[in-house]
Amino acid sequence: MPKETTAVIEQIAHQFENDPTRLMDVARAVHGRLGHLSELSIGLIAKNLGIHRAQVRDMVSFYAFFSRSPQGKNVIRICTAVVEKMKGVDALIEAFEKELGIFLGETTNDGKVTLEKASCIGLSDQAPSVLVNDIALTQLTPEDVPGIVAAIRSGGELDTLPQARVRKNIRQSGPILLGPYDSGAALRNAIRKTPEEIIAELYASRLRGCGGAGFPAASKWEKCRNSPGQSHYVICNADEGEPGTFKDRVILMENPELVFDGMIIAGFTIGAKEGLIYLRGEYDYLRGDLERSLANQRQLGLLGHHICGMEGFDFDIRIQAAAGAYICGEESALIESLEGKRGAPRDRPPFPVERGYKEQPTLVNNVETFVGVSRILENGGEWFSRFGTELSKGTKLLSISGDCRLPGVYEVEYGITVAKLLQQVGAEDAKAVQIGGPAGRCIGPKDYLRKIAFEDLPTGGSIIIFGPDRDLLEYMYQFGEFFAEESCGWCVPCRVGTTLLLKELREVLDGHATHSELAALKKLCGTIKTMSQCGLGQTAPNPILSTIEQFPELYEARLQKGDYYPRLDLQEAMKAGRACRIST
Amino acid sequence: MSENTVTITIDSKKIQAKVGQRIIQAADDAGIYIPRLCHQKDLPPRGHCRLCVVKVDGRPRSACTIPVEEGMAIENDTEELNAHRRMVLEMMFVEGNHFCPSCEASGNCELQAEGYRLGMITPTLPYIEVHREVDATHPDVFINRDLCILCGRCVRASALQDGKTVFAFEGRGIHKVITVNAEHGLGETTMDVADEAARVCPTGCLRTKRVGYSIPIGQRAYDHTPIGSEIECAKSS
């Protein structure tokens, strides 16, 4: 066995030129071949890549998809995010547990199946869903489980199962993100311009980054172009991990060429030869099609050497598959991950546009932003700026899920009110709407006339709707679990604070708290927001803070009167002692 | 005013800082103490502990990592920030198991000293009670992870000053711990008791074996003056 392991790892490391920055690929490949990453494997990987064992362990222990103990030949990952909870994932888990004879987190005795839970896998509009290895099975009911388990046990092809179907659910298509596109059109327009003219076009469009932060795209491109370096890099952030978002998946399924062209235009503009798509591990099933589309672009002369016949214009795109970590959606953590390290956010300055991937100027944009770029170069910046509001130009792709009749993706103009949106998706009776996922905010009916826009209610695209009968605060608790699970651990307030929030909120929800404890909880939220290094910690208290603001009566109903509520139930605690005395 | 200096204000006090300095260095040079735990002079800053967070033009930033810029208005010793710092300190206490009265590091411990300086009386937050392994496999040095605040000083000192990379992090979130560059324990690494890494721990986590109470209680680093006094005194004398 050790001999065999040595040979496998040597061969895999060789395949990636023994390059330590490709540790993610090496670890994924070894994990795929051997089923887990043992200490033996970790040592051998370190040896083959010329790095320390501790560095390899540091990296592999960080990502959810890597297991360091033996796993089953097949891994079922059940998405247990909030929308999945709403759509009955608990019954589904029970069905899997019963059928397999194991609990969540365990492996069957025959070593065939491991059952695990996963954070949001980007299929909230077709929940509950699971990933079996890298195949997605969607809209499952407990009745589907025996057939699925039988197929897994028999070793048959899973992609022929009727549930192996990822729907696009495009409910409303608009002019920018989802409309028809003639591959290469934007690129051919772009290369007739100078890089400065392209940036001017972006300034005219007033396009803002679509990942959530809304930084003006033109300014980012200009800064990156003007930063000195040996080489420049273009990175497409396809790591949408915010619970309830799946719009980048739909873009990549529907119109990947719009994304590629945006990246190639970026390469042309900032002077980069290499582009990388950081694709979240949960979307591994998209990789085959994306690779085929890239190959097609190369054949059309839109990628590779002398693009569009232009001497010296070389650019190619590599897809980097990831391994499950929400924090890697943050651009500096994403870059760390691309370099084969744990996804810890970097402190800024320097910004990635100055010093990013491999210490070089790096442009990181979201999938949707690159689509915007292509449309701007296809139709003009002025055309683009006609859509949206004064401060939020263009359209936005929304991922709608939860309690509504028509979940799926909607391309809407910035400025749409929540009320109008709810009407469109069939959720007029919504009790609350989570705008921008757990990191965003939860609003109630009194705010439904507010607008989806950077200047009012910004969102990376996730919209989760809660119907009138939902126990809202329990879902906020689950958002809290998500943050505690995904905190990278770099800084104290986020690492410890996200776990403390759970403990303290639980006390409130269970009716073990008074007003003074609620006040202490708010204070804790304030410290986590102020003191955390990156957006994860800074937004982790939002589900609690926004519901305290919007739905104070829900908290009020659970609080005890007076200033103090004993956490220790004396009678209960003494029970054991009493029992002891009687028995002697 | 030379080209190589900038003027910043810290709590309304104007000071000169060298271009390229971090806020915390500039403050140190001016005799202004900003609380800290993960930062140490001779090591590159990381911003793990967040105790040094100050407000730069109203925005919270870690003073150990942010370079000075002309005209920065910095708030440091304010009740608002100190309250946040006390809460962050509390988090470190409840994350581990810091029992000062029986700890050999008491009096020399920077975590304890920051607690005294910032007026933390007792944790008001619930204990997390994580289970962490002790590593006593090395003949001269042991790791008591219950006292680890994940400041990463040993990680940096070992890599950059000792050229060894004996230490690294492992795991994520609340499960993050210090790990060593060996299959089983510190005893298998190239760690030597004379390494810089053995000296940088701010708490009692990484300690030398067979040395106890060589400095009596009452004569220890922070027994008479609070942590930070050395920086404040250096300027006033």
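Checking the conditions here, which among A:K446, A:K522 is basic (K, R), touching a residue at least 24 places away in the same chain (Cβ under 8 Å) and either within 30 Å of A:G372 (Cα to Cα) or more than 14 Å from chain B (Cβ to nearest Cβ) (or both)? Matching residue, one of A:K446, A:K522: A:K446. In the set (1) surrounded by fewer than 18 Cβ atoms within 10 Å (Cβ to Cβ); (2) closer than 29 Å to A:P20 by Cα; (3) touching a strand residue (DSSP E or B) at 6+ places or on another chain (Cβ under 9 Å), the condition left unmet by A:R386 is number (2).
Residues to consider are A:L49, A:L92, A:L40; find the one that is surrounded by fewer than 19 Cβ atoms within 10 Å (Cβ to Cβ) and either more than 23 Å from A:C488 (Cα to Cα) or not assigned by TED's automatic domain parsing to the domain that holds A:K341 (or both). Just a single option satisfies the conditions, and that option is A:L40. Of all residues in region B:85-109, those being part of a helix (DSSP H, G or I) and either touching a residue at least 12 places away in the same chain (Cβ under 8 Å) or crowded, with 18+ Cβ neighbours inside 10 Å (or both) number 12. Checked against the criterion of being in the same structural domain as A:T245 (by TED's automatic domain parsing) and in contact with a Cys (Cβ under 6 Å, 6 or more places away or on another chain), region A:195-210 contains not a single residue that satisfies it. Only residues that are aliphatic (A, V, I, L, M) and surrounded by fewer than 18 Cβ atoms within 10 Å (Cβ to Cβ) were counted in region A:137-157, giving 1.
In region A:1-20, of all residues being at pLDDT below 95 and either within 14 Å of another protein chain (Cβ to nearest Cβ) or assigned to a helix (DSSP H, G or I) (or both), the one that is nearest to the chain's Cα centre (by Cα) corresponds to A:T5. The residue that is surrounded by the most Cβ atoms within 10 Å (Cβ to Cβ), counting only those in region A:323-356 that are among the aliphatic types (A, V, I, L, M) and within 14 Å of chain B (Cβ to nearest Cβ), is A:I327. Among the residues of region A:469-495, just one is basic (K, R) and facing chain B (nearest Cβ under 7 Å), namely A:R495. Just checking, does region A:484-498 include any residue being at negative phi and surrounded by fewer than 22 Cβ atoms within 10 Å (Cβ to Cβ)? Yes, region A:484-498 contains a residue that is at negative phi and surrounded by fewer than 22 Cβ atoms within 10 Å (Cβ to Cβ). Here B:A197, B:A234 are screened, and the one residue that is part of a helix (DSSP H, G or I), touching a Cys at 6+ places or on another chain (Cβ under 6 Å) and in contact (Cβ under 8 Å) with a residue 12 or more places away in the chain is B:A197.
The set of residues in region A:55-79 that are in contact with a Phe, Trp or Tyr (Cβ under 7 Å, 6 or more places away or on another chain) and either outside any strand (DSSP E or B) or of a type outside the set (A, V, I, L, M, F, W, C) (or both) comprises A:D58, A:V60. Looking across region A:506-519, just one residue is within 12 Å of chain B (Cβ to nearest Cβ), of a type outside the set (K, R) and either within 31 Å of the chain's Cα centre (by Cα) or closer than 15 Å to A:F482 by Cα (or both), and that is A:E507. Mind checking which residues of region A:21-56 are within 14 Å of chain B (Cβ to nearest Cβ) and closer than 21 Å to A:I277 by Cβ? The one that is within 14 Å of chain B (Cβ to nearest Cβ) and closer than 21 Å to A:I277 by Cβ: A:L23. Here B:G163, B:G152 are screened, and the one residue that is within 14 Å of another protein chain (Cβ to nearest Cβ), among the small types (G, A, S) and without any contact (Cβ under 8 Å) to a residue 60 or more places away in the chain is B:G163.
How many residues are surrounded by fewer than 22 Cβ atoms within 10 Å (Cβ to Cβ), in contact with a Phe, Trp or Tyr (Cβ under 9 Å, 6 or more places away or on another chain) and closer than 21 Å to A:L44 by Cα if we restrict to region B:160-177? So the count comes out to 2.
Only a single item in (1) within 30 Å of A:D144 (Cβ to Cβ); (2) modelled with pLDDT of 95 or more is not met by A:G72, and it is number (2). Does region B:139-148 contain any residue that is within 14 Å of another protein chain (Cβ to nearest Cβ), in a loop (DSSP other than H, G, I, E, B), touching an Asp or Glu at 6+ places or on another chain (Cβ under 7 Å) and farther than 19 Å from A:R342 by Cα? No, region B:139-148 contains no residue that is within 14 Å of another protein chain (Cβ to nearest Cβ), in a loop (DSSP other than H, G, I, E, B), touching an Asp or Glu at 6+ places or on another chain (Cβ under 7 Å) and farther than 19 Å from A:R342 by Cα. Tell me which residues, restricted to region B:8-55, are surrounded by fewer than 21 Cβ atoms within 10 Å (Cβ to Cβ) and outside any loop (DSSP other than H, G, I, E, B). Within region B:8-55, B:T9, B:K13, B:K14, B:I15, B:Q16, B:K18, B:R22, B:Q25, B:D29, B:K55 qualify. Farther than 20 Å from B:V94 by Cβ and surrounded by fewer than 20 Cβ atoms within 10 Å (Cβ to Cβ): which single residue out of B:V200, B:V211, B:V180 fits that description? Answer to the check: B:V211. One residue stands out in region B:183-197 among those that are within 13 Å of another protein chain (Cβ to nearest Cβ) and at pLDDT 95 or above: the one that is surrounded by the most Cβ atoms within 10 Å (Cβ to Cβ), namely B:M191. Being surrounded by 24 or more Cβ atoms within 10 Å (Cβ to Cβ) and out of contact with any Leu (no Cβ under 7 Å at 6 or more places or on another chain) is the filter here, so list the residues in region A:282-302 that pass it. Correct list: A:Y283 only. Taking the stated definitions as given, is A:Q360 of a type in the set (S, T, N, Q) and closer than 27 Å to A:I121 by Cα? Answer is no for this residue.
The values are calculated or read from the model by the stated rules, or taken from the named source; none is laboratory data. These numbers come from a predicted model, not from an experiment. Here the Cβ is made from the backbone with ideal geometry for all residues, glycine too, and neighbour counts use every protein chain on show.
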